[in-house]
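Accompanying notes for the structure given below.
The values are calculated or read from the model by the stated rules, or taken from the named source; none is laboratory data. Everything numeric in this text was worked out from a predicted model, so none of it was measured. Quick note on the areas: whole protein, heavy atoms, side chains included, nothing else; ligands and nucleic acids left out. Shrake-Rupley method; radii C 1.70, N 1.55, O 1.52, S 1.80 Å.
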Amino acid sequence: MSKHKVIYDTDPGVDDAMALVFQALHPDIELLGLTSVFGNATIETTTRNARFLAGRFAAGVPVAQGAAAPLKRGAPEPLAWIHGDNGLGNIALDTTDDAPLDARPAHRFIIDTVRAHPGDVTLLAVGPLTNLALALADDPRIAALVKQVVIMGGAFGTDGVLGNVTPAAEANILADPDAADIVLGAAWPVAIVGLDVTQPTIMSHEYLASLRERGGAAGQFVWEVSRHYEAFHEQSAQLAGIYVHDSSAVAYMLAPHLYTTRSGPVRVLTDGIAVGQTIQKPASMPVPAPAWDSRPDCKACIGVDVPGMLALYERTICGTLST
Ligand code: BDR
Ligand code: CA
């Protein structure tokens, strides 16, 4: 099987960092580049973190800086209480080996890279969707040239969960709902890995400790970078572990059989008290719904094999995929 050629669009972010390590160590993934976006921290911080992560775990992979703010709104405050003041759980960052910064803005890097590998590139987007919307605006034809877009974001109400920032909205979608509505409506194959499957997937304290013991430098890093994040989960959700958001998008790309999906067009509410809510019209629904019916189907994940996902991450970090 040929490798997944991936552009990782990211706002690192603790769970973004854990997902980067997952990609860097998995033999079936070829990282073509990292594109940064505002979100968990300012664009300056997420770009610095992307360069640190690429330099440390994915040598030779370029980083391009992306959007500092959403398409139509002001930039949100950094989520320091979740991801730490430096966006990476307040661990010390040795920036000696930082990846160099590509001269192009992220959306141009995306366009050029997709055009250089027509039909082959997966856009794995785990932050606000601003860079992808800007790429579509500059060059709408790339939609037909992308292999697939896999997004961590949104929620579709499984077990009553619609949001994690408001009762109706998930963080990545809420951070730029206008961009999200554009990206989910474009003519490229989209899979949405949202809270329906990322919140049931929990890395326990013991699981993370086992990665530290058995996963070498990568396992040690995953442990260290997740200390602040785990404390946040304990405080906010009384969880002895962490939700697995961004790494679930990686797992979906590698092993879609671990997920149950539902097809149908998706809209994003761009104003009102439920701004940022993602609503799917299931393909099986017979009533006409003009705001949905003209748009392509997306696959929304609504079920997950949790032990299978956790085993895939653990075996990748510990280097035991082939045993
Ligand atoms: C998403 O929001 C960010 O804080 C995380 O990195 C993840 O991408 C979860 O809602
Ligand atoms: Ca993220």
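Remarks
- Cross-link reach list, lysines versus Lys5, counting only Cα pairs under 21 Å and skipping chain neighbours closer than eight places: Lys147, Lys299
- Fully extending the segment from Ala187 to Ala311, taken as 0.36 nm per residue of separation minus the present Cα-Cα distance, adds 41.3 nm.
- With all protein chains in place and a 1.4 Å probe, the accessible surface of region 236-323 carries 59 percent carbon and sulfur.
- For region 4-318, accessible area per residue (1.4 Å probe, heavy atoms of protein chains only), Å²: 37
- In the chain, the calculated helix contribution to ellipticity at 222 nm averages -11000 deg cm²/dmol per residue, counting -39,500 (n - 2.57) for every DSSP H run with n ≥ 4.
- Per-residue extension of 0.36 nm, minus the Cα-Cα distance of Asp85 and Ser322, leaves a gain of 81.5 nm for this segment.
- Among beta bridges from DSSP that stay inside region 4-318, the antiparallel ones total about 35%.
- Aspartates and glutamates with Cα under 13 Å of Lys281, excluding same-chain neighbours fewer than 8 positions away: Asp293, Asp297
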